[in-house]
Amino acid sequence: EYQSALLIRPQFGEARNNLASAYFHLRQWSESIREYQEVLRQHPEWSETHLNLGSAYYMAKRPLASIQEWEKALSMDPDLFMVHYYLGLVFDKMGREAAARTHYERFLSAEKNEEEVSEYVEHATERRLELWVEEGRRRS
């Protein structure tokens, strides 16, 4: 359906964004990335599309590109608290522990509905503590 809408109106950003999301949920990372990039060519101000493109890059195992998009999203909309969780996750996987801990802390201190993001809060809390412990061991 989204593809049909885009044939009629290629500049229909919402349809292209939805198509990119559909590809994402189908785990078709390259297609998702391509469509999110096209959305952002038309609408570079859409911060949530930067967030979503960052997630597609992350799933495609392109961590540096994901960081770049997530940081753009956050600079455009500082209230996108989930970006801090995602940055914590990617920095954690890259072994950049101080950056990971900082973003986990920012995520945890952000105003949010705890019930809606409880699994993320639980993971960020655990990893933040583990990172502190690991740092303490290295200093000893």
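The values are calculated or read from the model by the stated rules, or taken from the named source; none is laboratory data. Values in this document were obtained by computation on a predicted structure and should not be read as measured data. Reconstructed Cβ throughout: ideal geometry from the backbone, glycine too, with neighbour counts over all protein chains shown. What goes into the accessible areas is simple: the full protein's heavy atoms, side chains included, and nothing from ligands, DNA or RNA. Shrake-Rupley method; radii C 1.70, N 1.55, O 1.52, S 1.80 Å.
Looking across Leu74, Leu40, Leu53, Leu26, one residue alone is in contact with a helix residue (DSSP H, G or I) (Cβ under 7 Å, 6 or more places away or on another chain) and more than 25 Å from Met94 (Cα to Cα). It is Leu40. Please verify whether Arg62 is free of Cβ contacts under 8 Å to residues at least 24 places away in the same chain and under 23 Å from Leu19 (Cα atoms), treating the condition exactly as stated. Judged against the criteria, Arg62 is a match.
Within the range 124-140, residues that are at positive phi reach no partner that is open to solvent by 60 Å² or more (accessible area, probe 1.4 Å) and in a helix (DSSP H, G or I) with beta carbons closer than 8 Å at six or more positions or on different chains. Could you check, for the range 119-129, whether at least one of its residues is hydrophobic (A, V, I, L, M, F, W, C) and closer than 30 Å to Gly13 by Cα? No: the range 119-129 contains no residue that is hydrophobic (A, V, I, L, M, F, W, C) and closer than 30 Å to Gly13 by Cα.
Of all residues assigned to the range 89-103, none qualifies as being on the phi > 0 side of the Ramachandran plot and in contact (Cβ under 8 Å) with a residue 12 or more places away in the chain. Quick check: is even one residue across the range 98-115 open to solvent by 80 Å² or more (accessible area, probe 1.4 Å), of a type outside the set (Lys, Arg), part of a helix (DSSP H, G or I) and more than 24 Å from Leu40 (Cα to Cα)? Yes, there is a match, as at least one residue in the range 98-115 is open to solvent by 80 Å² or more (accessible area, probe 1.4 Å), of a type outside the set (Lys, Arg), part of a helix (DSSP H, G or I) and more than 24 Å from Leu40 (Cα to Cα).
Taken together, Asp92, Asp79 contain a single residue that is within 18 Å of Tyr120 (Cα to Cα), part of a helix (DSSP H, G or I) and charged (D, E, K, R), which is Asp92.
Take the residues in the range 16-41 that are not in a helix (DSSP H, G or I) and not aliphatic (A, V, I, L, M), then tell me which one is least open to solvent (accessible area, probe 1.4 Å).
Result: Gln28.
Within the range 42-52, being modelled with pLDDT of 95 or more and assigned to a helix (DSSP H, G or I) holds for Ser47, Glu48, Thr49, His50, Leu51, Asn52.
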